[in-house]
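The values are calculated or read from the model by the stated rules, or taken from the named source; none is laboratory data. Please read all numbers here as calculations on a predicted model, not as lab measurements. Cβ sites come from the backbone with ideal geometry, for glycine too, and all protein chains shown count toward neighbours. Just the protein is used for accessible areas: all its heavy atoms, side chains included, with ligands, DNA and RNA removed. Shrake-Rupley method; radii C 1.70, N 1.55, O 1.52, S 1.80 Å.
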Amino acid sequence: MRNSRLLGPAGVTLPELLITLTVIGTLTTLGASGFRNLRDATSMRAATWSVRNHLALARSLAIARREKIRVRLNEAGDLALLTPSGERVATASVGPTADVPVDSLRVRPSTLRFNSRGQAAPGSVYLYRGDRIVRVVSNFLGRLRIESYRAP
């Protein structure tokens, strides 16, 4: 036999339910913003490595083919690797409409060049996404480095 006066009423009161829902809502909001930041950082990292790998490919192709390879933005806003005759060898799809999107992509100077010895005219590719900026730099030896920072 059960004594209901000792155990109290079974159920949940309205204030308890409201507090629980408020705590769950707050935790969900914090988790969603953290997830969005993680997703943005991951896509920026993937785009950066795609650009870096295509620049390394351009250098390797210049050495292997013994001809200059140019890297520039094409009409679609993607990086294109071109031979001296204008033949497109490869394309890195990292622009705003790509599978790995960034807000914008910029090449400075407008064309990067790698010669048959793997040397390059110094230049950079800039990737922008939100307040994040990544710069993939090619020095005169054709070596690549990545710099990352936030816009002021």
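Could you list, in sequence order, all residues of the stretch 69-85 that are open to solvent by 40 Å² or more (accessible area, probe 1.4 Å), at pLDDT below 90 and either among the aromatic types (Phe, Trp, Tyr) or touching a Lys or Arg at 6+ places or on another chain (Cβ under 9 Å) (or both)?
In the first step, residues of the stretch 69-85 are kept if they are open to solvent by 40 Å² or more (accessible area, probe 1.4 Å); the result is 70, 72-73, 75-76, 84-85.
From what's left, at pLDDT below 90: 73, 75-76.
Selection gives Leu73 alone.
Given the structure, is Ser50 at pLDDT 85 or above and within 30 Å of Leu144 (Cβ to Cβ)?
In short, yes.
Open to solvent by 60 Å² or more (accessible area, probe 1.4 Å) and either modelled with pLDDT under 95 or touching a helix residue (DSSP H, G or I) at 6+ places or on another chain (Cβ under 7 Å) (or both), is that true of Ser104? Working first, answer last.
Numbers: open to solvent by 60 Å² or more (accessible area, probe 1.4 Å): no; either modelled with pLDDT under 95 or touching a helix residue (DSSP H, G or I) at 6+ places or on another chain (Cβ under 7 Å) (or both): yes.
No: the conditions fail for Ser104.
Scanning the stretch 107-133 for residues that are in contact with a Phe, Trp or Tyr (Cβ under 7 Å, 6 or more places away or on another chain) and part of a loop (DSSP other than H, G, I, E, B), which turns out surrounded by the fewest Cβ atoms within 10 Å (Cβ to Cβ)?
In this case the residue turns out to be Pro122.
Taking the stretch 65-87, which residues are under 24 Å from the mean Cα position of the chain (by Cα) and either over 16 Å from Arg108 (Cα atoms) or not in a strand (DSSP E or B) (or both)?
Asn74, Glu75, Ala76, Gly77, Asp78, Leu82
Let me confirm something: among Ala47, Ala62, which residue is touching a Phe, Trp or Tyr at 6+ places or on another chain (Cβ under 8 Å) and either among the small types (Gly, Ala, Ser) or assigned to a helix (DSSP H, G or I) (or both)? Quick ask: steps written out before the conclusion?
Working: Ala47 fails: touching a Phe, Trp or Tyr at 6+ places or on another chain (Cβ under 8 Å).
None of the other options fit; the residue is Ala62.
What's the total number of residues in the stretch 18-50 that are within 14 Å of Arg132 (Cβ to Cβ) and not small (Gly, Ala, Ser)?
9
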